[in-house]
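One structure is given below, encoded as C-alpha cells.
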Amino acid sequence: MMEAVLDAVSADQRKAGEIVRPPASDAAVATVAARVRDELHATLPDDYAAFLRRHDGVDYNGIVFYGATASPETPEDGFWQGIVAANQAWRADGGNKGLLVLGDSDIDMFAVPATGGAPGRYDRVSGDGIETYADVPTMIETVLRERL
C-alpha cells in the first residue's frame, strides 16, 4: 500500500511542478546505513532503506521524510533533509538521542527507537509518543495519506 501512496504523492508533485526525488543508489543507502550506525549509534530500518531506494526523501505538503544523500552543506534541488544531518540537529540540544528520526512535520517527528522497535509519531516539542505503527511502510503510508 505504501507504493500506491508514494505513486499518488509523486503524481501530485509532478502536477504541481514540484521535484520528485529520484531513488538513492544501493551505494548511497549502504553509506548512510553505516553513517547512521557509526555516527548516530542507531540502525537504519530495512524498510526505510527500501523506501530510500524508491525515493531519496520526500517533501510533500509539510511532511518530510529524510533522504540518504542530501545535507545542509550540499542540498540537492533545494532538498537538504538528509537523515544523518537532520538527526544531528535533532540531537544537538541533548534530546532525542533515543530516537532515529526518519521525518517530521510542523508538529510531529516520525521516528524509530535507535535500538530498534516499533516506529511512531512523536510530538516534536515534548518528544512524547503519540502513535505507534506496525512497521515503517505503514507509518509512511498513513502520514502521507493524511496530506493527499
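So which pairs qualify, if the first residue must be in the stretch 24-40 and in contact (Cβ under 8 Å) with a residue 12 or more places away in the chain, the second must be surrounded by fewer than 15 Cβ atoms within 10 Å (Cβ to Cβ) and of a type in the set (Phe, Trp, Tyr), the Cβ gap must be under 8 Å, and the two must be at least 6 apart or on different chains?
none
Among what's in the stretch 5-23 and is among the small types (Gly, Ala, Ser) and touching a residue at least 40 places away in the same chain (Cβ under 8 Å), pick the residue that is farthest from Gly67 (Cα to Cα).
Residue satisfying both the conditions and the ranking: Ala8.
So that you can scan it fast, the table gives a plain yes or no per residue for (1) charged (D, E, K, R); (2) on the phi > 0 side of the Ramachandran plot:
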site	(1), (2)
Gly98	no, no
Leu102	no, no
Gly117	no, yes
Asp123	yes, no
Gly127	no, yes
Thr132	no, no
Val143	no, no
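Here, each number is a calculation from the coordinates, and none is a lab measurement. Here the structure is a predicted model, which means the values were calculated and not measured. Note: ideal-geometry Cβ built from the backbone for every residue, glycine included; neighbour counts use all protein chains shown.
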